[in-house]
Amino acid sequence: MPRECIVCGTALMPGERHICLCCRADLPRTDFRLLSRNPMSAKFNARIAASGDEGYVPYSYAIALYYYQAGYKEISQALKYRGNLAAGRYFASLLGDEILAAPHFSDVDLVLPVPLHWTRKWKRGYNQAELIAAEVARKAGVRCRTDVLVRCRRTRSQTRLSGDEKARNVSGAFRVARVPEAGHILLVDDVHTTGSTLFACYEALRGVMGPEVRISVATLAYVGD
Ligand SMILES: [Zn+2]
């Protein structure tokens with residue numbers, strides 16, 4: 001991989017990894033670790049409430065490392081489209097640090113990546129959510145499993161769809177292949193836009209897990225309003 005900053009493109013100094021010190025200092029962090037209730041969790045729980053589960057299941061916590069904006073979009077795009085796995089692992093470990101620093105995530109005992117359809121994974125060679133989830137789980141010292149959730153239907157790319165279209169596109173696209181034992185599950189994806197994909201996974205899990213199980217979400221980037 002070239003020794004240049006993933007955000008601004010300047011040559012990296014010795015000791016800098018993937019991002020220069022200036023861009024790292026300016027990383028638009030969400031600081032969601034400080035707030036067990038934040039805009040991302042509010043959005044996600046509103047969706048759960050709209051589906052009729054409100055009040056009967058534990059609140060879903062949500063965390064993201066940074067806001068998806070300006071040059072920082074490059075971080076998730078380099079991982080998703082340009083195969084920069086090393087940078088992906090590096091930023092996933094920063095997300096892991098955020099999760100470790102958040103008391104409300106301290107009882108997470110299972111990390112699950114949002115699965116890709118096998119044809120897409122085969123084409124790309126890897127699943128970016130899996131790479132992030134594995135690094136987060138390693139940092140937290142908990143299990144990461146890729147055999148629990150299955151994407152049973154190939155869906156269109158979400159990038160050009162409206163909010164409603166996104167929800168329809170992924171609704172029912174996932175199923176649970178093996179019911180895991182867990183008290184607090186952390187679902188992991190690369191970017192949280194409308195939350196449709198994470199919610200489709202949530203619904204599949206909610207269908208088989210007891211109502212006492214908490215299901216939270218974590219992403220590298222969060223698209224703010
Ligand atoms: Zn830079």
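Can you give the relative contact order of region 28-222 as a percent, counting alpha carbon pairs under 8 Å and 6+ residues apart?
Value for region 28-222: 28 percent.
So which lysines can residue 80 reach, going by Cα to Cα under 20 Å and dropping same-chain residues fewer than 8 places off?
Correct list for residue 80: 121, 123, 166.
Given the Cα atoms of region 124-220, and with Rh set as the inverse mean 1/r over their pairs in the Kirkwood sense, what is Rg to Rh to two decimals?
Value, to two decimals: 0.95.
Where does the chain land on the Kirkwood hydrodynamic radius, alpha-carbon pairs, in angstrom?
In the chain this quantity evaluates to 17.7 Å.
Given the -39500 (n - 2.57) contribution per DSSP H run of 4+ residues, what per-residue ellipticity at 222 nm results for the chain, rounded to the nearest 500 deg cm²/dmol?
-10500 deg cm²/dmol
Note the angle between two axes, namely the Cα long axis of helix 85-100 and the longest principal axis of the Cα atoms of the chain, as a number of degrees from 0 to 90, rounded to the nearest 10.
It is inclined by approximately 60 degrees.
For the chain, give the share of DSSP beta bridges that are antiparallel, in percent and rounded to the nearest 5; count only bridges with both residues there.
Bridges in the chain are about 20 percent antiparallel.
To check my understanding: the extent here is largest minus smallest coordinate of the Cα atoms along each principal axis. What are those three numbers for region 1-102, in Å, largest first?
Here the spans come out as 52, 27, 21 Å, largest first.
Translational diffusion coefficient, Stokes-Einstein: compute it for region 55-95 using the Kirkwood radius over C-alpha pairs as Rh, at 4 °C and 1.567 mPa s, and state it as an integer in µm² s⁻¹.
The estimated diffusion coefficient comes to 109 µm²/s.
Are there trypsin sites (Lys or Arg not before Pro) in region 130-212 that DSSP puts in a loop and that have at most 14 other Cβ atoms within 10 Å, and which ones?
Answer by residue number: 153, 154, 156, 160, 178.
Laboratory data are not the source of any read-out in this text; all were calculated from the coordinates shown. As the structure is a prediction and not an experimental result, all values here were calculated from the model. Note that we place each Cβ from the backbone using ideal geometry, even for glycine, and neighbour counts take in every protein chain shown.
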